[in-house]
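The next block holds one structure in the form of structure tokens; read it before the comments.
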């Protein structure tokens, strides 16, 4: 029997079995369609959940009290830059002159060698040498072997952990010197190299100072100075980092700190952008008129979208969001007017902060002290409400969207198991059909053989038997 066509019957069994198996596989095909839809639902829930988490992050940034204390710095000189941290206080300032910049101590050998591999003992210094920190008085003795090269000497110094970094520098053709640089900037890293005396008692050539280790120095007047081992001064003004790039003792420089409403406005803009991205995603995934919406008509997402709009459209303490620059559009998105916001913030910072960040303390936390981070609170401000709402949807363990996605994952796993079971069932069914058609073809072959035998037997009968009929 041919695998494709019966030799006796002439039937195309391959096509027939394929068509029969397509009918048999209809239940599995339906399961595969359901699996694809389930996986698409889970992916959609996670995509929306990502946007809810972005909304939570943006809202949390505005419920943090430090966000409302945003400050910026000014400097009267381009030679001094300043940045404000979260603890910087608006209205503070300091005036000074940059008398001196910091330096990292560096020495170079007073003698030179013809190559990196030249014997180091052919020139001064006389080994062993001593590295002495002039600030602390700490000393380290370093020696090299009789055949050591200039490169070997640099390696020996680096291995001694003497607070200096050694390197071989080339000044010209056949001109190599040994350079030592402190690993600590400022005056604390200043050092000297002490050579052993020559056998004849004369003084070896000394190392030359190429850079002096010194602290940066600011003169504030009245005999007051500020020093730093680098050119950066931290907390000279509380919460402010000041960096000097040029010394000029004759120029008076003022660094000041002022409120930065634009920084707060940027955080509000981020909140509005996150809310709009979320609303757009929900609309796209649930649009009842769309043929491609994966979560068409999903009531959970629609409900969350309505809650977001309700938070923004409801006045907080008698103050509407529009008075601080946020408007609800007809399509469910939001618009932010930075000018309105900054004007309101400048006029009454405390009031604007309450509109966004106010929380009501329901009870003291585990420490029993009200006003600490562990207090049990309920949200009142719109950012506080949005933070709680978003967390309720996106929390990694209890979030409603996370649970919906997880539920779809479980369903998908069950569907895949059923699909896999159908693979085994269909394979067995195909084997059975193949055997049945093979048996039928075999039976036809037997019958054909029997018919041929009977025909041959009848043909062989005597002719008289025919006449007796």
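Just so you know, all these numbers are worked out from the coordinates, no wet-lab data involved. The shown structure was predicted, so the numbers you read here are calculated from the model rather than taken from an experiment. Methodologically, a virtual Cβ is constructed for each residue, glycine included, from the backbone with ideal geometry; neighbour enumeration extends over all protein chains shown.
Within the chain, antiparallel bridges make up roughly 100 percent of the DSSP beta bridges whose residues both belong there.
Computing FRET efficiency as 1/(1 + (r/R0)^6) for residue 14 and residue 413, where r is the C-beta to C-beta distance and R0 is 51 Å, gives about 0.90.
Here residue 192 and residue 258 are evaluated by their C-beta separation; at R0 = 35 Å the FRET efficiency comes out at 0.15. Of the peptides 81-88, 41-48, the ranking by mean beta-carbon count within 10 Å, highest at the top, reads 41-48, 81-88. Separation between the residue 47 and residue 362 pseudo-spin-labels, each 7 Å from Cα along Cα→Cβ, expressed in nm? With each label point 7 Å from Cα toward Cβ, the separation is 3.5 nm. Of interest is the spacing of the C-alpha centroids, which for region 273-298 and region 390-457 amounts to 37 Å. As a rough footprinting exposure proxy, the listed residues 444, 31, 171 were ranked by other beta carbons within 10 Å of their own, and the order from fewest upward is 171, 444, 31.
The spacing between region 22-37 and region 106-134, judged by their C-alpha centroids, is 83 Å. Classified by the C-alpha gyration tensor, region 75-126 has a prolate form. Its axis ratio a/c, with a ≥ b ≥ c, is 1.5 or above, and a/b is larger than b/c. Estimated from the Cβ-Cβ distance and a Förster radius of 35 angstrom, the FRET efficiency linking residue 306 and residue 34 is about 0.75.
Model label sites at residue 457 and residue 251, defined 7 Å from Cα along the beta-carbon direction, differ in position by 12.6 nm.
For Rg/Rh (Cα atoms, Kirkwood Rh), the value calculated from this model appears in (1) 0.96; (2) 1.35; (3) 1.04 under label (2). Between residue 171 and residue 220, the modelled labels are 4.4 nm apart [label points 7 Å from Cα along Cα→Cβ].
Sort region 258-376 into rounded, prolate or oblate with this rule: let a ≥ b ≥ c be the square roots of the eigenvalues of the Cα gyration tensor; rounded if a/c is under 1.5, and if a/c is not under 1.5, prolate when a/b is larger than b/c, oblate otherwise. Since a/c reaches 1.5 but b/c is at least a/b, the shape of region 258-376 is classed as oblate. If you average the alpha carbon positions of region 185-211 and of region 138-164, how far apart do those two centres end up, in angstrom? For region 185-211 versus region 138-164, the Cα centre distance is 14 Å. Helix-only arithmetic for the chain: the sum of -39500 (n - 2.57) across DSSP H runs with n ≥ 4, divided by the residue total, places the mean residue ellipticity at 222 nm at -14500 deg cm²/dmol.
Gain on full extension, evaluated as 0.36 nm per residue between residue 377 and residue 21 minus their Cα-Cα distance, stands at 121.9 nm.
First check a/c for region 106-211, with a ≥ b ≥ c the square roots of the eigenvalues of its C-alpha gyration tensor; if it is under 1.5, answer rounded, and if not, answer prolate when a/b is larger than b/c or oblate otherwise. Verdict is prolate for region 106-211.
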